[in-house]
Amino acid sequence: MSRYRIVPVPPSAKHHHDEIASLMDDHFIGHEPFGILSGMKPNYMFRLTTLKPTLRSGVSVMAIDTETGEVVGVRLGRVYKRDTSLVERVFAWIWSLVVWFLFLVTETRESRYAQTVIIPLLFDRTGYDTCAYFAKFGCTKILSDTFLCVSPVARGEGLGERLLAASEEAAKGAGCSHAVVVATGVYSQRIFHKHGYTMERETVYRDVRMDGGEPLPNLDNLPPVYTSAKLFTKKL
């Protein structure tokens, strides 16, 4: 029997949220290709605008070490809806203004560049567009995979696959009919391929050009195993 238990991420369990944030800081941010290429470091705005919404989404799951009680793995995702109410759209607009203000006053120039230029450009080049898949699949809710991360101490136990399966079940329970994900590294790509995901597009990092035609920064910092990002979809 595995010592690791897969459970939903409680939307309001601050101690678990802090553990997950530390796990991401230590083993994901700045370690996977998008982070390496952008030079992104752990930062407050990433936690506020990206990490916290996924932790409260209701479709994120985590792996707990039953012997230590520590969080050793997560699959974080968000549910995107095709139709949103006027109230939701107004709230999103106000929130975006607040975020931009905080972003300008709390982040370094390098952090702003990483999060507003390089990361969005990489997603754009991969073809990641949740709205386009609403039309393609004719669905109303999509699971957008955000992160799949397992601590080095728990790797080799099949946790990535178990986390993936559990989050898909949670997404189906939330009404999602399809999932879409950009897998940036070879290990996660293997997991998604094994579990029936269809590769829609592959983007070779060394082929990507900035808007001015220059190659991506920090390419020489990429470990050889990281060569491309792959956009996957799946009918749940």
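His16 meets all of the listed conditions (1) assigned to a loop (DSSP other than H, G, I, E, B); (2) over 29 Å from Tyr226 (Cβ atoms); (3) modelled with pLDDT of 85 or more but one, namely (1). Among the residues of the stretch 175-226, those identified as under 18 Å from the mean Cα position of the chain (by Cα), over 20 Å from Gly127 (Cα atoms) and of a type in the set (A, V, I, L, M, F, W, C) are Cys176, Ile191. Contact map, the stretch 210-230: residues that are of a type in the set (Phe, Trp, Tyr) paired with residues that are in a helix (DSSP H, G or I), Cβ distance under 6 Å, separation 6+ or inter-chain. Pairs shown: Tyr226/Pro33.
For Pro42, state whether it is open to solvent by 50 Å² or more (accessible area, probe 1.4 Å) and under 15 Å from Ser167 (Cβ atoms). Please lay out each step first, then the result.
Values: open to solvent by 50 Å² or more (accessible area, probe 1.4 Å): yes; under 15 Å from Ser167 (Cβ atoms): no.
Here the answer is no, as Pro42 does not meet what is asked.
Taking the stretch 155-236 and the strands (runs of 3 or more DSSP E) fully enclosed by it, the elements with 1 or more residues that are loosely packed, with under 13 Cβ neighbours inside 10 Å are at 198-204, 228-235.
Just one of the numbered conditions (1) open to solvent by less than 40 Å² (accessible area, probe 1.4 Å); (2) within 15 Å of Val153 (Cα to Cα) is not true of Glu67: (1).
The values are calculated or read from the model by the stated rules, or taken from the named source; none is laboratory data. The shown structure was predicted, so the numbers you read here are calculated from the model rather than taken from an experiment. All Cβ positions, even for glycine, are placed from backbone atoms using ideal geometry, and neighbour counts span all protein chains on display. The accessibility values were calculated without ligands, DNA or RNA, using every heavy atom of the protein model including side chains. Shrake-Rupley method; radii C 1.70, N 1.55, O 1.52, S 1.80 Å.
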